[in-house]
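In what follows, a structure is listed as structure tokens, so that the remarks can point back to it.
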Amino acid sequence: MKKSIPVVAALVVSLVSASCSLWSRGARAYPRGVVFPLKEAASLEYGGEMVGSPVTEAGRLYLATSQGLICAFDITSKKLVWQYVVLAPLASGPVLAADGLLAADSRGHLYGLDKGDGRLRWDKEVKEFEVSWLVSGRDRVYLAGKGNLVLSLASSDGSELWRFQAKAALAGPPLQWNGGSPRLLLFTEDGALQSLTLEGKPDFAVRSGKTLSGEASAEGKLVFFGSLDRTIQCFDLASRKTRWKVRLGGLTSCAPVVRGGHLYLWTAYGVLFCLNKSNGHILWWTSIASRLPFSPALVEDKIIISVSSPRLESFSLETGREAGAFDTGRELKGPPLWLEPLVLVNAYDPTTDKGRLVFLQKDVGIRLDSSKKTPQGLADEIVFMAKSSGFFQPKFEFYLIGEGREESVQKPSEQDYWSWYPDREGDFIIKVRVTDAGEKAEAEMSFRISADPAKKPPVHKEPIGPGPNTHSQGEGR
């Protein structure tokens, strides 16, 4: 008897494991984030090409254009709320501050707008200063150009707080680092990294290697950035030393993005990389058939990118495999934005010099087909088949509607078809309702049953060629 105990125990473990496996397969979490297929929900046109990147806050999206427009859109109503016009091309996208919305034109003119109605609250001209980058520090804003001068202005009224002159021209936008004691980091074209206090006082300067490529990003005490020597490096602000450096074979084109222990970045020649944040080991890479000039959106388990083409693409954060794509039909100009449940992208038509804000959402739908066409006779089998999209583990319920009565003929189940053997004449409606944990949709079809259904006349077929007892006919007979 004792010898059978291990066998029984093994059987119990096997049964428990199998039941747990079945339960885990049936209890997959409902998909969150961007779920393909997508469809266009709405679009709004504006003048010019978008400059820089848009910003969002409290259900609104703000963007600037090459025609000197600063626009505010309401995301829920999908409408333009207000727009403000400046007289010179805008230097960058708008930035959000504690005291409003800020924008700068290429002449060095700074505008402080009310976020609610677009009213100009103040404007400030910085003479002999060409603005290339505008960086928000909430209660202040930093202006920088292609030269070596950096200005800090109060976001409340544009008054100058301080200015700093670096030893070399800036290679990219200033980066505000908020870990520990906040700092402003400057990358210059001589390969130096300069740290300033928020009061504009020099903190430290180190040689980081080659000149910055793209933009830098920070997470904790670490700063990640690419260089013109085609490497990506991790710099430790606490030790003021490079922690690791990896050669990629291409120039990074945007700021790297950190998610957990991973670092995601892309190169100008169209390769998307996932690296281990701690040591720089390449975990996976995938080639994209276009340039990647815009920052991506990391949404749940996917990375969403817009490239210099009409195609919006999605990849798995874990494996780098494509997870879905959508062709907008217009060339994309700007990064994708995720504002649940919408994906927002910007497109541009150079022939009309018009931009377009496009709202995309999950494409949820249901189509109902039948194995036979109406009308049909009694007792003939007719199969109604439902084709759904955008659902997760859907359930299908079929209804038969006739003589003013609606009858459920198939309770909700995974079976996406229903077989009908009609036993009475009349005009009927067959309806299907599909549901999952978060969505529902319906489709229906009219169908006639007759004791003597209309028969189609036989199709006369011409002979393929002359046979032994046939003869060809001339034209016009």
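The values are calculated or read from the model by the stated rules, or taken from the named source; none is laboratory data. Just so you know, these numbers come straight off a predicted model, no measurement behind them. Cβ atoms come from the backbone with ideal geometry, glycine included; neighbour counts cover every protein chain shown.
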- Residue count, the stretch 335-368, condition farther than 14 Å from Ala42 by Cα, within 11 Å of the chain's Cα centre (by Cα) and crowded, with 19+ Cβ neighbours inside 10 Å, comes to 3
- Task: Scan the stretch 228-237 and give yes if some residue there is free of Cβ contacts under 8 Å to residues at least 60 places away in the same chain, among the polar types (S, T, N, Q), touching a Pro at 6+ places or on another chain (Cβ under 9 Å) and assigned to a strand (DSSP E or B), otherwise no.
- Result: no
- Is there any pair linking a residue in the stretch 115-143 that is touching a residue at least 24 places away in the same chain (Cβ under 8 Å) and over 23 Å from Arg60 (Cβ atoms) to one that is among the charged types (D, E, K, R) and in a loop (DSSP other than H, G, I, E, B), with Cβ under 9 Å and at least six apart or on different chains, and which? Lys124/Asp157; Val126/Arg107; Glu130/Arg107; Glu130/Lys146; Val131/Arg107; Ser132/Lys146
- If only one of Ala64, Ala98 is at pLDDT 90 or above and within 30 Å of Phe359 (Cβ to Cβ), which one is it? Ala64
- Out of the stretch 195-209, which residues are crowded, with 16+ Cβ neighbours inside 10 Å and not in a strand (DSSP E or B)? Leu198, Ser208, Gly209
- Just name the residue that is nearest to Ala268 (Cα to Cα) out of those in the stretch 289-308 that are touching a Gly at 6+ places or on another chain (Cβ under 8 Å) and part of a strand (DSSP E or B). Ser306
- Of the residues in the stretch 365-395, those that are modelled with pLDDT of 95 or more and among the aliphatic types (A, V, I, L, M) come to Ile366, Leu368, Ile382, Val383, Met385, Ala386
- Message: Can you list the strands (runs of 3 or more DSSP E) lying wholly within the stretch 309-361 that have 3 or more residues being out of contact with any helix residue (DSSP H, G or I) (no Cβ under 6 Å at 6 or more places or on another chain), of a type outside the set (Val, Ile, Thr) and under 15 Å from Thr65 (Cα atoms)?
- Response: 342-349
- strands (runs of 3 or more DSSP E) (entirely within the stretch 61-126) containing at least 2 residues that are assigned by TED's automatic domain parsing to the domain that holds Gly48 and either under 23 Å from Asp349 (Cβ atoms) or within 22 Å of the chain's Cα centre (by Cα) (or both): 69-74, 79-85, 95-97
- Message: Of everything in the stretch 49-60, what is assigned to a loop (DSSP other than H, G, I, E, B) and within 19 Å of Thr352 (Cα to Cα)? Give them in sequence order.
- Response: Glu49
- Query: Among the residues of the stretch 233-251, how many are crowded, with 19+ Cβ neighbours inside 10 Å and of a type in the set (S, T, N, Q)?
  - Reply: 1
- Restricting the stretch 383-398 to residues that are in contact with a Ser or Thr (Cβ under 6 Å, 6 or more places away or on another chain) and part of a strand (DSSP E or B), the one nearest to Leu368 (Cα to Cα) turns out to be Phe384
- Message: The conditions are (1) touching a Cys at 6+ places or on another chain (Cβ under 6 Å); (2) among the aromatic types (Phe, Trp, Tyr); (3) assigned to a loop (DSSP other than H, G, I, E, B), and Tyr46 fails exactly one of them. Which is it?
- Response: (3)
- Item | Residues of the stretch 219-232 satisfying the condition of being surrounded by fewer than 21 Cβ atoms within 10 Å (Cβ to Cβ) and under 24 Å from the mean Cα position of the chain (by Cα) | Glu219
- When residues of the stretch 127-144 are limited to those that are among the hydroxyl-bearing types (Ser, Thr, Tyr) and under 18 Å from Arg183 (Cβ atoms), the one nearest to the chain's Cα centre (by Cα): Ser136
- Sole exception among (1) at pLDDT 90 or above; (2) closer than 17 Å to Ser314 by Cβ for Arg230, by number: (2)
- Query: In the stretch 145-182, what residues are assigned to a loop (DSSP other than H, G, I, E, B), surrounded by fewer than 21 Cβ atoms within 10 Å (Cβ to Cβ) and over 35 Å from the mean Cα position of the chain (by Cα)?
  - Reply: Asn148, Asp157, Ser159, Lys167, Ala168
- Going through (1) surrounded by 13 or more Cβ atoms within 10 Å (Cβ to Cβ); (2) of a type outside the set (Lys, Arg); (3) at pLDDT below 95 one by one, Leu185 fails only at (3)
- Note on the structure: Among (1) crowded, with 19+ Cβ neighbours inside 10 Å; (2) of a type outside the set (A, V, I, L, M, F, W, C); (3) at pLDDT 95 or above, Gly93 falls short only on (3)
- Message: Within the stretch 273-305, take every residue that is of a type in the set (Lys, Arg) and buried (at least 19 other Cβ atoms within 10 Å of the Cβ) and give me the one that is farthest from Val34 (Cα to Cα).
- Response: Lys277
- Task: Answer with yes or no whether Asp380 is of a type in the set (D, E, K, R) and either farther than 30 Å from Gly48 by Cα or crowded, with 17+ Cβ neighbours inside 10 Å (or both).
- Result: yes
